[in-house]
Amino acid sequence: MKPLVLWSLLLLVVSPPFLAAHASDAPMTADELVCLQKMIFFHECSGKTERMTAWNEDENFPSFGIGHFIWYPQDKKGPYKELFPEYLLFAEEQKEEIPAWIKALPTREAPWQTREEFLNDLSSERMIFLRNFLDQTQKLQAQFIMRRIEGVLPKMLAATSEEKRPEIQLKFKMVADAPNGMFALIDYVNFKGEGILETERFQGQGWGLLQVLEEMRIPEEKEDAVKEFVRAAKKVLEDRCRNAPPEQDCSKRLKGWKARVKNYLKIRC
C-alpha cells in the first residue's frame, strides 16, 4: 500500500481528539521510566555523576541533571528554553528537599556569571551538595522529563498551519505507538525541544520535534515509524549544523547527535 493511501485510511479511523490527548493516556510503567532515566543519563552525561553539572565551551550557560537542564545566569537569558528552575519547582512540589544554598539565592538564577567562574567552583561544597541532590533525584528528573511530552502535541499543533495539523497528529501517533516510539519522542524533546520557539531557529529553520515530524515521510508499515523518525531527525540535525552561524558551529557534535537518535532503534534496558 502506498504511503499516501495509508495516510488517508488512517485519517478516517483515528479521531483528532484522541490524537490530541495521546501522551497522557498511556503513562510509562515503572520499568519503562527506569529505562528512560538510564537512557537519558547515558546520552547526556555518559552515565557519569560528575557530568550532571556542566558548562560547555561553546555555550553561555551551565546545565544540570540527567537531562542537562539549562540554568541561565542573572541578566544573561538566551534563546533556548530554560528548564532547571522549572525542575527545582517540580521537585519542591513533590516534597523533595532541594539544596539549602539554592533556596537562599535571592532569585532562582544561576550564581555564576562566566564559565571560568563555574569551573573554579566545581569542587566547592555547594557543588558537591548539588551533584548529590541530582544523583539522588534521577528518577524524579525522569518523571519531569516525561511530563513534558504530555502537552507537546497541542503546542505543536498551535504552531502549525491548519492544513498540516492532521499529518502532524498522525505522525506523532504512529511514532508513539511503535516499539521504542515513546522513548524517542520523550528523549528528542528533552534533547532538542518542541520546535515551537521562534528563538530556536537558524536561517528561519528549527530543529525540534515539530521539524522532525514535518520532515518525516508516512511509512508504509507502522512498525517502521521509528526508523523513519530517526532518518528525519538526522536530516533535521544536519540542516541545523549547515544553517548555524560560525560562532555556533556544531559540526563536531553532529556525529554524536546522529548516533544518539540512531539508538532509538535499539533501546535495551
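The values are calculated or read from the model by the stated rules, or taken from the named source; none is laboratory data. Values in this document were obtained by computation on a predicted structure and should not be read as measured data. Note that each Cβ is placed from the backbone with ideal geometry, even for glycine, and that neighbours are counted across all protein chains shown.
A few notes on this one:
- Options 193, 204, 181: the member that is of a type in the set (Gly, Ala, Ser) and surrounded by 20 or more Cβ atoms within 10 Å (Cβ to Cβ): 193
- Subset of region 233-269 (residues that are over 12 Å from residue 207 (Cβ atoms) and in a loop (DSSP other than H, G, I, E, B)): 245, 249, 267, 268, 269
- Region 69-127: number of residues that are on the phi > 0 side of the Ramachandran plot and either buried (at least 17 other Cβ atoms within 10 Å of the Cβ) or at pLDDT 95 or above (or both): 1
- Restricting attention to region 26-68 and to residues that are within 20 Å of residue 257 (Cα to Cα) and of a type in the set (Asp, Glu), the residue that is surrounded by the most Cβ atoms within 10 Å (Cβ to Cβ) turns out to be 44.
- Qualifying residue in region 161-170 (condition: in contact with a Gly (Cβ under 9 Å, 6 or more places away or on another chain), crowded, with 22+ Cβ neighbours inside 10 Å, in contact (Cβ under 8 Å) with a residue 24 or more places away in the chain and not basic (Lys, Arg)): no
- Cβ pairs under 9 Å, 6+ apart, first in region 98-120 and under 21 Å from residue 50 (Cβ atoms), second in a helix (DSSP H, G or I) and among the acidic types (Asp, Glu): 98/92; 101/125; 111/117
- Within region 235-259, considering residues that are surrounded by 15 or more Cβ atoms within 10 Å (Cβ to Cβ) and among the aliphatic types (A, V, I, L, M), the one nearest to residue 210 (Cα to Cα): 236
- Test result for residue 268, exposed (fewer than 15 other Cβ atoms within 10 Å of the Cβ), at negative phi and at pLDDT 95 or above: no
- Residue under evaluation residue 54, criteria (1) touching a residue at least 24 places away in the same chain (Cβ under 8 Å); (2) in contact with a strand residue (DSSP E or B) (Cβ under 6 Å, 6 or more places away or on another chain), criterion not met: (1)
- Here residue 262 fulfils each of the conditions (1) on the phi < 0 side of the Ramachandran plot; (2) surrounded by 18 or more Cβ atoms within 10 Å (Cβ to Cβ); (3) not hydroxyl-bearing (Ser, Thr, Tyr) apart from (2).
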